[in-house]
Amino acid sequence: MVLLIDGHSISSTLPVSQLHTKYQLLKANSLSVLNRPVKLVEASEKCLYVGQREVAVVAPGDNVNMVGSEDATTCHVVILRDVHTGVTGLAHLDNEEPNDFLTLEREVRDRKGVKQVTRELDTLEYSVSILGGYEDENSTSEEITEMLLAVMQGLKARFTLQLACTGSVNTVMKEGVPWPRVYGGGVDVSTGEVFTAKFSYHGPDTDIRSLRLHSSGASLNNIYDPYGGKIVLKPFSYRVMPDAHLWLKKADSFILKYCSTSPLVEPPDFCEHIRANFRRMISDPRPMESLFPGGRNRVYERNEITGQWILELECISENGSKNSSESKPWGVNDFRMQFN
């Protein structure tokens, strides 16, 4: 149960406000990454993109060279890498729910083949990098960071916090308004190098994946099958928001006001992403019939030429069973946590 920062073991509550004042090496390393040019990642670069409340676990030798995520204002992109094997998990966390980080750690551990009841748990060593989150007005980012620090102290593994590109070091003032310096980044699968980035391709089917956030019990979801080298979306349902067609006609200012927790600092494509969700609701009002017929997974294989992920024509689920998750009523607030 060890959290290490700058070589020091952290055994008590650490206020986020002290993270970059007390630990100068952590601050210097984080600023070094933030001050580098933002990497522009194209689909052809064999990148696996992870969306909000998703996780992917990769390892050297997989069919992807990098894994990353963006569109994080108050959200945190968390990279957990096993120091011995290079097995790396990346998750896009949008709240202070401890189970999401526990899921990330478990997915990395499972990829290594370490079981819950073995003594190997005491020998696990991870490097941890955090990208995203800033000094927002509601302290949402701070709450997520505090959760991460506390949870790592409570686990059996050994965690070394290498980068914390969040909070004060990731905040810049523009006309009196705090903005995030960067909105995302990624990690090189082979070397473990962490970088800030923008991604030209968020696929596949980002609108479908976004709507999963609003299905019943939508927790952190692993989208990558490392053994087949494929992206797998498991079945879920949702209820179409009333008057979805009218929302398509709303101005950007209206969408930002009612669908964002940080309307002044959203990325430029925020409103178009929201409209894409409404369009998908309208085109597929019964997702279990049109998107996941027969309870089948949607399985995607990477095209080696374009780098895009292509839906397989025959997507057979592992057990062939119907999806058990229930849809829930829609409201405007359902969108507020989607791009933060």
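With respect to T123, determine if the residue is farther than 22 Å from E301 by Cα and not aromatic (F, W, Y).
yes
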Which of the residues spanning the stretch 211-226 are part of a strand (DSSP E or B) and within 23 Å of E97 (Cβ to Cβ)?
N221, N222, Y224
Which pairs have Cβ atoms under 7 Å, sit 6 or more apart or on different chains, and link a residue in the stretch 227-238 that is part of a loop (DSSP other than H, G, I, E, B) to one that is open to solvent by less than 40 Å² (accessible area, probe 1.4 Å) and of a type in the set (D, E)?
G229/D62
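State all residues of the stretch 260-290 that are aliphatic (A, V, I, L, M) and touching a Ser or Thr at 6+ places or on another chain (Cβ under 9 Å); if no residue qualifies, say none.
V265, I274, A276, M288
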Among the residues of the stretch 246-266, which ones are modelled with pLDDT of 90 or more and under 25 Å from P204 (Cβ atoms)?
W247, L248, I255, E266
Return the residues of the stretch 239-248 that are open to solvent by 30 Å² or more (accessible area, probe 1.4 Å) and either in contact with a His (Cβ under 9 Å, 6 or more places away or on another chain) or not in a helix (DSSP H, G or I) (or both); say none if nothing qualifies.
R239, V240, P242, D243, L248
Cross-chain or 6+ apart pairs with Cβ under 6 Å, the stretch 249-275 first and open to solvent by 70 Å² or more (accessible area, probe 1.4 Å), then hydrophobic (A, V, I, L, M, F, W, C) and part of a helix (DSSP H, G or I):
D252/C271; Y258/V332
Counting only residues that are open to solvent by less than 10 Å² (accessible area, probe 1.4 Å), of a type in the set (A, V, I, L, M) and either out of contact with any Phe, Trp or Tyr (no Cβ under 6 Å at 6 or more places or on another chain) or over 17 Å from L163 (Cβ atoms) (or both), how many does the stretch 60-86 have?
5
Using the structure shown, decide if R111 is touching a residue at least 12 places away in the same chain (Cβ under 8 Å) and open to solvent by 10 Å² or more (accessible area, probe 1.4 Å).
yes
Qualifying residues in the stretch 65-102 (those that are in contact with a Gly (Cβ under 8 Å, 6 or more places away or on another chain) and in a loop (DSSP other than H, G, I, E, B)) - the one nearest to S141 (Cα to Cα)
T74
For the stretch 1-28, enumerate the residues that are part of a loop (DSSP other than H, G, I, E, B) and within 14 Å of A164 (Cβ to Cβ).
D6, L14, P15, Y23
Looking only at the stretch 213-233, filter to residues that are within 15 Å of the chain's Cα centre (by Cα) and open to solvent by 30 Å² or more (accessible area, probe 1.4 Å); which one of those is farthest from V50 (Cα to Cα)?
S219
Name the residue that is most open to solvent (accessible area, probe 1.4 Å), counting only residues in the stretch 40-59 that are of a type in the set (D, E) and within 11 Å of G307 (Cβ to Cβ).
E42
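The values are calculated or read from the model by the stated rules, or taken from the named source; none is laboratory data. This structure is a prediction, so every number in the text was calculated from the model and none was measured. Don't worry about glycine lacking a Cβ; one is built from the backbone with ideal geometry, like all the others, and counts go over all protein chains shown. Just the protein is used for accessible areas: all its heavy atoms, side chains included, with ligands, DNA and RNA removed. Shrake-Rupley method; radii C 1.70, N 1.55, O 1.52, S 1.80 Å.
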